[in-house]
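The values are calculated or read from the model by the stated rules, or taken from the named source; none is laboratory data. Keep in mind the model is a prediction, meaning the values are calculated, not measured. All Cβ positions, glycine included, derive from the backbone under ideal geometry; neighbour counts span all protein chains shown. The protein model used for the area step is the full one, side chains on, heavy atoms only, and it has no ligands, DNA or RNA in it. Shrake-Rupley method; radii C 1.70, N 1.55, O 1.52, S 1.80 Å.
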Amino acid sequence: MARDAGMDYESFYRQSVEQPEVFWAEQARRIHWDTPPKQILDQSRPPFRRWFVGGTTNLCHNAVDRHLAARAEQLALVAVSSETGITREFTYRELHREVNAFAAVLQSLGVGKGDRVVVYLPNIAEAVFAMLACTRIGAIHSVVFGGFAAHNLALRIDDAQPKLLVCADAGMRAGKVIPYKPLVDAALNEASAPPPHVLLVDRGLDPQMNRVPGRDVDYAGLRARHEGAEVPVAWLESNEPSYLLYTSGTTGKPKGVQRDTGGYAVAMAMSIRCIFDIAPGQVMFSTSDVGWAVGHSYNVYGPLIGGATSLLYEGLPTRPDPGVWWGLCEKYGVHSMFSSPTAVRVLKKQDAGWLHKHDLSKLRWLFLAGEPLDEPTAQWINAELGVPVVDNYWQTETGWPAITLMPGLEMKPARLGSPGLPAPGYKMKVIDENTGREVPAGSKGVLVLEPPLPPGCLSTIWRDDDRYVHSYFSHFRELLYSSLDWAIRDADGYTFILGRTDDVINVSGHRLGTREIEESVAGHPAVAEAAVVGVKDELKGQVPVVFATLKQAAGAGAADVARGMQQCVVEQLGSVAKPARVYVVGALPKTRSGKLLRRSLQALAEQRDPGDLSTLDDPAALEEIRKALERGPDQEN
Ligand code: AMP
């Protein structure tokens, strides 16, 4: 086992950046290697880097098989659905059995090493089985969040070109059945490279589910045939891909964040222990959906590689009552909980008595991430729960926290408004966006990382090395990873995140590209042009707001078209991206070269000063926006 007990944060961090090879060689001992690495770090082709070169390992083996000797009868996974009212518990032995059966089913459908499998499932146990089954046989999973609609799914299918798509008949939200299969059918119709098979996890929620003969196969039947199968793990070289996770960027095309195998396993093993303070046998409850980066890392791989019990939850934090999460913490003796500021803001609107009804004496930490944590929210939950709140900053790209405190190692004092200090391996700077020079403590700049990125961070963008370099490493003269976030660092190294530098917005911790929403809105036949901006929202952090001009011959009334725009977004991208407000206007503010002044639009919508307008082409357009804001939206959520 790697050294960490008794180590202070400063020494740990210092070694991770000053002697990365020594540090990570030590951390690599936390996982099982079939063949030990020959070289810890290969930086011969920056900004690419390869960790643990020549070492062979397997994520599923480390998450499941490895624990059979010591903890076969311990709970590995508890999948709770407050929607169906069903709780399913799996020990490590049972998880092993399920994953093997799933892996055998995958193989029976022709899936092998290197093949992609798109997983489009709700937050249910089968999503975890599917992911682990893929990594077991060396197939590359690409989980798509169940809240995304057909077009979003089709884009991901076309990029990943999967051999198989795994989906459920339906999900449920607030007691309402949400059929998934019609979305899959629509996505496969739209996709240019649809997979030959769809594997259906039928939960019996949608009796009307249709099946395409020859293409669609039922998981239950195949599972019965393969139950008891033992599928050997595929030992992968550390740098072979384990999974893809698509995320939004500045263009309409999502980026396939590619994760390696060995580096990710080591990052998970270290972070679950040293950041999340989870020891083998303890219980981790992450309220995330498996479709997000947090879900991958701290609902599946982190806790399981760490020999812990992972609690997976399908449902809302307020149903059947606002005490549901705290009841689970009590029942399972949760040690570390991981959620989002939005979820806490939702609970803050409820009677705190729901929280006090439960014995939370085992709960040690509440981790929150995904969006800025505002002070009132942090203070409220901290006071009510009586446990420290640990804000942590990361991105789909990093796969694990980049800025955080590390209670599993040494809990440093928190500073309100800051996620804390750099995590091991992250060499951070805040630099001036124009000069690329480091700004003084207390000044605003762009948060950047000096290569090499630590293990676990993305290795590239799927089949697009150029886009990887261009998206992240081409912003400054020096070869630096741009986080595309504004930040301020204080004199002690505590970093404060001030929001994105690009057109990405954050709705309830969900990352959305305004361009994707614009493309979708512009698909409405009456729309001439649309601009989408993220506007501050008390509950969700930010919400998408649309400003659109109509074609001359649009005919229909503004309110109808505005409603139609919302509909387009829900149908193509999913309800997570639904614009909160739509304003139909006569013109959009642009620069003389024709670029939309999104930042000015956003500022006006937030009742702020629109900023530098020296490049504005037509001042009347800005007046139009002001008037529209005064008048109120043509359509509101
Ligand atoms: P995602 O890739 O969906 O995890 O979104 C990453 C983005 O969310 C980051 O670039 C930040 O803008 C934002 N973010 C994540 N965690 C935090 C945090 N703790 N504080 C402030 N912003 C955050």
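Tabulated values for the structure
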item	result
Local electrostatic count at residue 382 - Lys and Arg +1, Asp and Glu -1, tallied over other residues with Cβ under 12 Å	-2
Mean projected area (nm²) of the alpha-carbon convex hull when segment 518-637 is viewed from all directions	7.2
Under 5 Å, built H, 5+ apart or other chain: amide partners of residue 54	38, 238, 239
For segment 497-637, size of Cβ-based charge dipole, Lys and Arg +1, Asp and Glu -1, in debye	140
Electrostatic dipole magnitude of segment 118-247 [Cβ: Lys, Arg +1; Asp, Glu -1; Cα centre; debye, to 20]	260
Gain on full stretching of the segment that runs from residue 189 to residue 7 - 0.36 nm per residue minus C-alpha separation	60.0 nm
Protection-proxy order for peptides 288-300, 354-366, 558-570, each taking the mean of Cβ atoms within 10 Å per residue, highest first	288-300, 558-570, 354-366
Lys/Arg +1, Asp/Glu -1 at C-beta; segment 296-436 dipole; positive extreme among 352, 366, 308	308
Percentage of interatomic Cα-Cα distances in segment 126-246 larger than 20 Å	46
Among 453, 472, 411 the positive-end extreme of the charge dipole of the chain (Cβ point charges)	453
Residue pairs, from the table 551/627; 181/331; 38/163; 38/255, whose Cα atoms sit over 26 Å apart	181/331; 38/163; 38/255
MRE, 222 nm, helices only [DSSP H, n ≥ 4, -39500 (n - 2.57), over the chain, to nearest 500]	-8500 deg cm²/dmol
Lys/Arg +1, Asp/Glu -1 at C-beta; the chain dipole; positive extreme among 572, 442, 197	197
Under 5 Å, built H, 5+ apart or other chain: amide partners of residue 535	543, 545
For segment 150-277, share of DSSP beta bridges that run antiparallel, in % to the nearest 5	55
Förster-model FRET efficiency, 30 Å R0, residue 528 and residue 613, C-beta, rounded to 0.05	0.85
Beta bridge orientation in the chain: antiparallel %, DSSP, nearest 5	60
Links that overshoot a 28 Å alpha carbon limit, given the list 176/578; 176/348; 349/590; 362/429; 444/578	349/590; 362/429; 444/578
Centre separation in Å (Cα based) which lies between segment 62-81 and segment 10-26	30
Amide H within-cut-off set for residue 439, under 5 Å, with H built and near neighbours excluded	430, 431, 432
Calculated Rg and Dmax of the chain using C-alpha coordinates, Å	24.0, 73
Debye, to nearest 20: dipole size of the chain, +1 on Lys, Arg Cβ, -1 on Asp, Glu Cβ	380
Kirkwood Rh and Cα Rg combined as Rg over Rh, evaluated for segment 1-86	1.12
Residue 470 accessible area, assembled protein chains, probe 1.4 Å, Å²	130
Listed peptides 510-522, 482-494 by packing density, highest first (mean Cβ within 10 Å)	510-522, 482-494
D_trans [Stokes-Einstein, Kirkwood Rh over alpha-carbon pairs] for segment 248-356, 10 °C, 1.306 mPa s, µm² s⁻¹	104
P(r), alpha carbons of segment 444-542 - 5 Å bins starting at zero, rounded %	2, 11, 14, 18, 20, 16, 11, 5, 2, 1, 0
Among 49-55, 441-447, the order from most to least packed when residues are scored by Cβ within 10 Å on average	49-55, 441-447
Cross-link reach list, aspartates and glutamates versus residue 412, counting only Cα pairs under 14 Å and skipping chain neighbours closer than eight places	8, 10, 277, 391, 492
Separation of alpha-carbon centers, segment 112-143 and segment 429-473, rounded to whole Å	30
Centre separation in Å (Cα based) which lies between segment 560-618 and segment 307-322	36
Local net charge near residue 211, Cβ-Cβ under 14 Å (Lys/Arg +1, Asp/Glu -1)	-4
